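The values are calculated or read from the model by the stated rules, or taken from the named source; none is laboratory data. Not measured: the values here are computed from a predicted model. Note that we place each Cβ from the backbone using ideal geometry, even for glycine, and neighbour counts take in every protein chain shown. Heads up: the accessible areas ignore ligands, DNA and RNA and are worked out on the full protein's heavy atoms, side chains in. Shrake-Rupley method; radii C 1.70, N 1.55, O 1.52, S 1.80 Å.
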Amino acid sequence: MGASLGPDGAFLPRSLEAEELLRASDSSLMDLKLRRMAACLLALLLLLEGGMFSESPPPSGLLEKLCQYIDLHQDEFVKTLKEWVAVESDSVQPMPRFRQELVRMMSMAADTLRGLGASVHSVDLGSQQLPDGQSLPIPPVILAELGNDPKKPTVCFYGHLDVQPAQQGEGWFTDPYTLTEVDGKLYGRGSTDNKGPVLAWIHAVSAFRALEQDLPVNIKFILEGMEEVGSVALEELMKKEKDGFLSSVDYIVISDNLWLTRTKPALIYGTRGNCYFMVEVKCRDGDFHSGTFGGILNEPVADLVALLGSLVDSSGHILIPGIYDQVAPLMEEERKVYEAIDLDLEEYRNNSQVEKFLFDTKEEVLMHLWRYPSLSIHGIEGTFDEPGTKTVIPGRVIGKFSIRLVPHMNVSVVEKQVKQHLEDVFSKRNSTNRMTASMILGSQPWTANINDTQYLAAGRAIKRVFGVEPDMIRDGSTIPIAKIFQDIIQKSVMMLPLGAVDDGEHSQNEKINRCNYIEGSKLFAAFFLEMAELHSQQ
């Protein structure tokens, strides 16, 4: 037995599924068609067991025809996802080869949209200057549109086609850039984050086109290739397009999140913000021999460990003075929202391979994920971290940590509080070293109005396709573009996730379930219909 990864990157014992995954590339073991049918049937049975389709009425009318088309073409859709996953569109590693792959990925997406009859504009954003002096091209942003009927609502879909780094030798069972299906699960980098959901939206449009049905809404696309590194240059482009491409947009949809569970769909109405800090402690540029200098100088690592240790206590409480002052008080109505959410805390804990959470109730866990700030220490740069016993005293080290912000917290206020705290702690150590703290990323939290038309339409679409009411949830992560869109165009922004909680975005063995991918395509088609109906009633 080997090991695999849980939803948060924790190691799990390797199951028979994982053993099968290692052998999946041998297509001669079983006829491909039979394997695909069996895989999707197994996935459907698992979802039925979880109650997802327990109340699902069969779709009727046009939606029924659209769903039938999508079912009949699902192998074709999986093949397209395989082609997209094969593009190593890694935006994190600043290398020319990956930037070329990103440009190729954006070109493929543009061609796909043109094939649907969309008007497509690839916006050149120039080059990115990196700290090491290197200059790399920024992949173009795709602006595409289908329809401009003033009587119809205009829905804009945002997605990204860049991915996190991935290598097979780092815990992947197969080549991360070769989409591999096992038991109804499609493994590959970018499958759920975010190439699968982008394609699901495209497949929904293609179903209307194939059936020669008029799209019930005007549709726009904004697709970028730098989301994983902060959406470089996108905010400025959106400001420029406020009175151009964005001027007719009524609603924006983002599908770059996950459900709270493996089986129940969700709608997301809020995300936390993020302030990322680096704190440097420096004695000199070079390292020291601990036998020659140990005991006669202030060691930078000791100073840094003291600084990092002053940030948060063992219960997760942030120790920076004033950090909770801006957090909104908990109201009884909000507490009831957490009580109504369907979450088996024990299953959630087991799936995460965590022995014990800091909190014992579902409500407390959800509140500390969504409506309270958290501080996480991410690493130390400059220390000796290789195997062996090197007796070195680093002369310069950098600690990295971030704070997830919640509504009413302000990035600039948090920055001042953090820097003041670090200066106070460092001054008390009377160290001869130099300490410098800097915030390198600051994103505000985002919340939406769940009574907006598109939230109502999405809820109705989920009911029609999956047969259940969605969980109304927040997301503890940060998606800066949601707040940017909301601030620039002052229109409704909604997050409509397709992925299950165990999809493993950013981690090894990332996947999207075939049924999430295919049913998600149906969901978007249903959403278009529901949006049109609700708009006509206004």
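Placing +1 on each Lys and Arg Cβ and -1 on each Asp and Glu Cβ, with no other charges, gives the chain a dipole about its Cα centre of roughly 680 debye.
Farthest towards the positive end of the charge dipole of the chain, among the residues G133, N516, L534, is the Cα of G133, using unit charges on the Cβ of Lys, Arg, Asp and Glu. Listed by chain and number, the lysines placed with their C-alpha closer than 28 angstrom to that of K419 are K282, K400, K428, K483; residues fewer than eight positions away on the same chain are left out.
Write down the accessible area per residue of the chain in Å², having rolled a 1.4 Å probe over the full set of protein chains. That works out to 44 Å² per residue.
Annotation for region 224-329: chymotrypsin sites (Phe, Trp or Tyr not before Pro) lying in DSSP loop with at most 14 further Cβ atoms inside 10 Å of their Cβ are Y324.
When the Cα atoms of region 482-523 are aligned to their principal axes, the ranges along those axes come out at 36, 27, 11 Å in descending order.
Amide H contacts of L186 (H built 1.01 Å from N, in plane; Pro and chain starts excluded): I512, N513, R514 sit under 5 Å, all sequence-distant by 5 or more or on other chains. Taking amide H as placed 1.01 Å from N in the peptide plane, the amide H of D256 sits under 5 Å from that of L496, each at least 5 places away or on another chain.
Per-atom-type breakdown for the chain gives carbon and sulfur 51% of the accessible area (1.4 Å probe, protein chains only). Its relative contact order, with pairs defined as Cα atoms under 8 Å and 6+ residues apart, puts the chain at 25 percent.
Taking 0.36 nm per residue of separation and subtracting the Cα-Cα distance, full extension of the segment from L319 to E212 would add 32.5 nm. Cross-link reach is defined here as a Cα-Cα straight distance under 12 Å, omitting same-chain residues fewer than 8 places apart; for K390 the aspartates and glutamates meeting it are D287.
Legend: residue pairs K195/K511; K239/K491; K152/K195, Cα-Cα distance threshold 19 Å; pairs beyond threshold, K152/K195.
For K336, the lysines whose Cα falls under 16 Å of its own Cα, not counting residues fewer than eight places away in the same chain, are K362.
Cα centroid separation, region 358-427 to region 439-491: 27 Å.
Here the Karplus curve 6.51 cos²θ - 1.76 cosθ + 1.60, taken at θ = phi - 60°, turns the phi angles of region 201-218 into couplings of 5, 5, 5, 4, 5, 5, 5, 4, 4, 5, 8, 6, 9, 5, 5, x, 9, 6 Hz, with x standing for Gly and Pro. Select from region 381-427 those GluC sites (Glu not before Pro) which occupy a DSSP coil region and have at most 11 other Cβ atoms within 10 Å, ordered by residue number. Hits after loop and neighbour filter: nothing returned.
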